[in-house]
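Just below is one structure, and these are the notes that go with it.
The values are calculated or read from the model by the stated rules, or taken from the named source; none is laboratory data. None of the values given here were measured: they were computed from a predicted structure. Cβ placement follows ideal geometry from the backbone for every residue including glycine, while neighbour counts extend to all protein chains displayed.
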């Protein structure tokens, strides 16, 4: 089962790799994405780290409070969320003279979340007391970072919840975070002289 997800991820990466590298001034750089972005989440206490890897692609990990809701019930507790994001509207936002710094854009992402049994606060899923729950799916998200560093991120999607000792099932994923970007951000257009 894990090999299938690795194969899908490798196919996604190889599809976009050739077109996404951009050469500017003799060095490889990311046109719009921040190379490193660290965010402290205030609404759902936790933190997010996002790493720009190609022109419009990044990977991110988040640790914070979350709720999983699927056919079998709900789980609430500390969760680790991972995303492989493809931002699809940076060029359009730039043409319209809108902000792209702080990874301000819309994206499609492969999503994974892990709800750990040791960090669970509440659940109504029937099964052993020490089960873990994983989410695997796709989300559509909007992220905006404002001049003072405040950040808003909203995602909606669906996927498969896989239980460790509990029933599996399908369900939605909705995520809203509001926080502050603690790392320095690029200027509006980093390539203008």
Worksheet item: Given 61, 69, which one is free of Cβ contacts under 8 Å to residues at least 24 places away in the same chain and out of contact with any helix residue (DSSP H, G or I) (no Cβ under 9 Å at 6 or more places or on another chain)?
Response: 61
Fill in: Residues within region 61-72 that are more than 14 Å from residue 176 (Cα to Cα) and buried (at least 17 other Cβ atoms within 10 Å of the Cβ), tallied
2
Item to complete: Kindly list the number of the only condition in (1) touching a residue at least 12 places away in the same chain (Cβ under 8 Å); (2) over 12 Å from the mean Cα position of the chain (by Cα) that fails for residue 109.
Response: (2)
Worksheet item: Can we say residue 100 is touching a helix residue (DSSP H, G or I) at 6+ places or on another chain (Cβ under 6 Å), at pLDDT below 90 and over 28 Å from residue 129 (Cα atoms)?
Response: yes
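Quick one: is residue 84 closer than 19 Å to residue 136 by Cα and part of a strand (DSSP E or B)? Give the steps one after another, and end with the answer.
Values: closer than 19 Å to residue 136 by Cα: yes; part of a strand (DSSP E or B): yes.
When the stated conditions are applied, residue 84 passes them.
Can residue 58 be described as at pLDDT below 90, surrounded by 15 or more Cβ atoms within 10 Å (Cβ to Cβ), closer than 22 Å to residue 140 by Cα and under 17 Å from the mean Cα position of the chain (by Cα)?
no
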Fill in: When residues of region 118-133 are limited to those that are surrounded by 18 or more Cβ atoms within 10 Å (Cβ to Cβ) and part of a strand (DSSP E or B), the one modelled with the highest pLDDT
133
Worksheet entry | Residues (assigned to a loop (DSSP other than H, G, I, E, B) and in contact with a strand residue (DSSP E or B) (Cβ under 9 Å, 6 or more places away or on another chain)) located in region 134-151 | 146, 148, 149
